[in-house]
Amino acid sequence: MKQLKVGVQAMMLKEEFASIGAYETLKKVSEIGYRCVEISQIPMTPANVQSMKKAQEEFGIKIASLSAGVTPNGPMGGESIATHFRKIVSDCRTLDCRYLRIGMLPMNCMSDLDAVLHFCKMAEIAAQKLKDEGIDLYYHNHHVEFHKYDGKYLLDIIRENCPTLGFELDVHWVHRGGEDPVHIINRYAGKVKLIHLKDYRIGVIPQSTMVEIAKGNFGAFGKAFAELVEFAELGEGNLDIPACIEAGKAAGAEYFFIEQDQLYGRSVYEALTIDRDNLTKMGYEIV
């Protein structure tokens, strides 16, 4: 068995954090067998931070990375480096966490190259300030970064303009952007310490849609056809997860985080158990 630092992206756990608290949620995650988490979309209140610290100490579950924007991100909310710098640094130190990640390109940058370049300038300044504090800043991609400006991917433009910034490559969104995740991971070798493992499958047009088609409602077919892509537990979809993992290891990745945006009726703990079991079948031991 190959040992691998596999954790959980806490976006999957936000309802659990809200209902039973950080300590009990992380206890359940550790009981499934995970030893690290990435905190995202979780309020970084003093109570939550202290509960995370207690869970780290008692369950041996590492808070491997935290999340923040470079500047306030409109309706997405959350803390930003521009407005909460000292608090973010303090939280990182309290939780013995040296990785901070930007979860998404600001919305106002998604259709404007000049806005992206301004974001890059601010991100580079933030990355340098954080590095002085012993914290590395990373950028998490979606598919929007594979739009091309003058033949060049937006992701590559960000890399060229932010030399201090690292990258958290998300294999699902790379593939949704039309690229091979293994190829992109290889290209970004040395800049990748964090990777998101997120599988996806192609669903089946539901029988209820066929009933609507028989009634002449062809719009129902268009909607169902557009929604065939589904998020999936690792190994339950179409991505070559072992190839992505091996490319990540070769590129220098330290942590691999499981993230599944929708669960389609399963509980988060059921999904994470399937992920764990399938990783074992692939030959990986979670450490």
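The numbers here are math on the coordinates, done by the rules we state, and not lab data. Fair warning: this is a prediction, and the values are worked out from it, not measured in the lab. With ideal geometry, Cβ positions are generated from the backbone for all residues, glycine too; neighbour counts draw on all protein chains shown.
E57: net charge of surrounding residues, Cβ under 14 Å, Lys/Arg +1, Asp/Glu -1, itself excluded?
Details: positive: K27, R35, K53, K54, K62; negative: E58, D96.
Net local charge, E57 excluded: +3.
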Got the relative contact order for the range 2-286 handy, in percent, Cα pairs under 8 Å and 6 or more residues apart?
19 percent
Build a GNM of the chain with springs between Cα atoms under 10 Å: which of K223, K193, K152 gets the top mean-square fluctuation?
K223
I'd like to know how the chain sits against the 2.2 N^0.38 Å rule of thumb: what's its Cα Rg over that expected value?
1.03
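How large is the helix-only mean residue ellipticity at 222 nm for the chain, computed as the sum of -39500 (n - 2.57) over DSSP H runs with n ≥ 4, divided by its residue count, in deg cm²/dmol to the nearest 500? Walk me through the intermediate numbers first.
Values: 11 runs with 130 residues, N = 287.
Calculated at 222 nm, the ellipticity per residue is -14000 deg cm²/dmol.
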Exposure proxy check on C36, C120, C244: fewest-to-most Cβ neighbours within 10 Å is C120, C36, C244
What are the residues whose amide H is under 5 Å from the amide H of R101, where those residues sit 5 or more places off or on another chain and H is modelled from the backbone?
L66, S67, A68, Y138
For the range 2-286, with only Lys/Arg (+1) and Asp/Glu (-1) charged at the beta-carbon, what is the dipole magnitude about the Cα centre, in debye rounded to 20?
460 debye
In whole Hz, with x marking every Gly and Pro, tabulate ³J(HN,Hα) for the range 55-61 from phi via Karplus 6.51 cos²θ - 1.76 cosθ + 1.60, θ = phi - 60°.
5, 4, 5, 8, 10, x, 9
Cα centre as origin, Lys/Arg/Asp/Glu Cβ charges: the range 217-256 dipole, Debye
160 debye
q = 0.09, 0.11, 0.22 Å⁻¹: log10 I(q)/I(0) that the Debye formula gives for the range 1-141, counting C-alpha atoms only:
-0.28, -0.42, -1.36
Can you list residues whose amide H is under 5 Å from S80's amide H, if they're 5+ apart or on another chain and H is modeled 1.01 Å from N?
G69
Can you list residues from other chains, or at least 5 along the same chain, whose modelled amide H is less than 5 Å from the amide H of I258?
G7, V8, Q9, L197
Along the Cα→Cβ direction, 7 angstrom out, place labels at F218 and I205. What is the inter-label distance in nm?
1.2 nm
Measure off 7 Å from each Cα along the Cα-to-Cβ vector at N161 and E285, then give the distance between these two points in nanometres to one decimal.
4.6 nm
Taking a spot 7 Å from the Cα of K249 along the direction of its beta carbon, which residues of the range 270-284 have an amide N less than 15 Å from it?
279-284
Just to be sure I understand: of the beta bridges DSSP finds with both ends in the chain, what percent are antiparallel, rounded to 5?
15 percent
For L263 and R86 in the same chain, what is the full-extension length gain: residue separation times 0.36 nm, less their Cα-Cα distance, in nm?
60.1 nm
Taking only Cα atoms and a 10 Å spring cutoff, compute GNM fluctuations for the chain and point out the largest among G216, G21, G265.
G216
So which of K148/K281; K5/K129; K2/K148; K53/K121; K129/K281 end up more than 31 Å apart, counting from Cα to Cα?
K148/K281; K2/K148; K53/K121; K129/K281
Using 0.36 nm per residue of separation minus the Cα-Cα distance, give me the extension gain between M1 and E133 in nm, one decimal.
43.9 nm
So what are the ³J(HN,Hα) numbers for the range 48-54, from phi and the Karplus equation (6.51, -1.76, 1.60; θ = phi - 60°), rounded to whole Hz, Gly and Pro as x?
5, 4, 5, 5, 4, 4, 4
